[in-house]
Structures are given as structure tokens and as C-alpha cells.
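Data first, discussion second: the structure below is written as C-alpha cells.
The values are calculated or read from the model by the stated rules, or taken from the named source; none is laboratory data. Here the structure is a predicted model, which is why all the values come from computation and not from measurement. Don't worry about glycine lacking a Cβ; one is built from the backbone with ideal geometry, like all the others, and counts go over all protein chains shown.
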Amino acid sequence: MRLVMVECSNVTHLMCDIQPKVKNIKIHFKVREKFKTLFLKNINELKDVTIYHGNFGVIKKNTYLQNKYTYIFFPDCGYINVTGLPNYSSLAPCVLELTSIFGLRNHELSPPRIDNITASGNFFCSIDLETLAQQLLRESFFCFRTNQFPGLIIRAKNGTILVFNSGKYTIVGLKCISHGIEMIQQVSAVMRNVKITMKDF
């Protein structure tokens, strides 16, 4: 594989397919107040497939329930967190699975709310993280590096981007994937002024 030094602004295909792709969605439901007694009764029947940690229980993927997602529920407050959704199209199947497992109907739950979206992507180039950090700081971005973490941490209002020297990145803390796309576009715009080592694909 040949490596050449280029300016980002001169590489047209750098922008191709760098947009983040959803990897995991975490959502939560709340059992409506008048159905909490039913909820407590139903989760008691799930004790054989539940791992309890203090005030919450966890139902992981298992062959008995044949569930696709992981459920973390809090009996006292009636919250049910769900993680392991790979994309937006998993929301409807998740609701069906949840109501089946917990013996609840849709109207007994609040509408699902997104807590966190994790997405990832690739700039398709090796990045000088120190130079990128200096440029981002000049552009009023909040970013930093630590000895304990190999990447550059870029914090924004709507999420946090973790950028690695390989050009790969991960975004955490999103509520909406469009926010992640906007963040990557902003960082990419800054990268046009940064010397990088471009991989010859």
C-alpha cells in the first residue's frame, strides 16, 4: 500500500462515505403509574432469566426468551432501558419484543425515548492528531488528549467524537444521527487545512 502526503482540500474522495453509521441505539420506556403493580408481578415471573444488581435487573440475550435486545429495568420507578438496537428500523420490533417479555401493552408504557446513539465511520486517511487538535482549538472546538486514551476527544453540544490516528472515529452521546453527521462535516471542514497521510485505496 503506497502512502503519499496530501492536503485534504485536494482529495475529492476523502468526503466519500465518511458519514457516520449507527451502531447502537439505547432507548427507555416508563411504565405508566397505574400499571406498575402489573409490571412488578410480571418481572417477578422473569426472575430465572434476570440478573439483579442492587436496585435494577438485567435481562440479556438468552435462548429461553430468544430476545434480540438487552433490557435493564428498575422496579421501583418503572423504567425499562433497552440497548443493542443496531438501527432505527429496530425500534418497532423492539417494542413488540418488550411488550411480549414484560407482559405489557403499548398503552401501558410511555412512548420510547432515545437516550444515546453510538455511531462510527472513517475519514479514510491517517491523521496527525496533534495537528488536528491545534487546528480545532483555533476554530473554537473543545478537544483534548490523555495518556490513557489513544485518540483525540472532541466534545460538542450534541455528542462526543473520538478520532483515531487510523482515520476511524466513533461518536457517542447522540440523540439524533443528524447531529452526528453535522459534527463530522464540521471536523472534516477543519481537516481540509491539516496535513495528513492519505492511504492509497
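Would you say GLY167 is modelled with pLDDT under 95, on the phi > 0 side of the Ramachandran plot and touching a Ser or Thr at 6+ places or on another chain (Cβ under 9 Å)? Spelling it out, GLY167 is indeed modelled with pLDDT under 95, on the phi > 0 side of the Ramachandran plot and touching a Ser or Thr at 6+ places or on another chain (Cβ under 9 Å). Kindly indicate whether LYS36 is modelled with pLDDT of 95 or more, surrounded by 12 or more Cβ atoms within 10 Å (Cβ to Cβ) and either under 15 Å from ARG105 (Cα atoms) or out of contact with any Lys or Arg (no Cβ under 6 Å at 6 or more places or on another chain) (or both). Yes, satisfied. Checking each residue in the stretch 107-161 for being part of a strand (DSSP E or B), farther than 22 Å from TYR88 by Cβ and without any contact (Cβ under 8 Å) to a residue 40 or more places away in the chain picks out PHE142, CYS143, PHE144, ARG145, THR146, PHE149, PRO150, GLY151, LEU152, ILE153, ILE154, ARG155. From the set of residues in the stretch 162-191 that are in contact with a helix residue (DSSP H, G or I) (Cβ under 6 Å, 6 or more places away or on another chain) and assigned to a helix (DSSP H, G or I), which is surrounded by the fewest Cβ atoms within 10 Å (Cβ to Cβ)? Applying the filter and picking the extreme gives VAL190. Taken over the stretch 69-105, residues that are under 10 Å from PHE56 (Cβ atoms) and either loosely packed, with under 15 Cβ neighbours inside 10 Å or among the acidic types (Asp, Glu) (or both) amount to 2. Exactly one residue out of LYS61, LYS26, LYS30 is surrounded by 10 or more Cβ atoms within 10 Å (Cβ to Cβ), touching a Ser or Thr at 6+ places or on another chain (Cβ under 8 Å) and assigned to a loop (DSSP other than H, G, I, E, B): that is LYS61.
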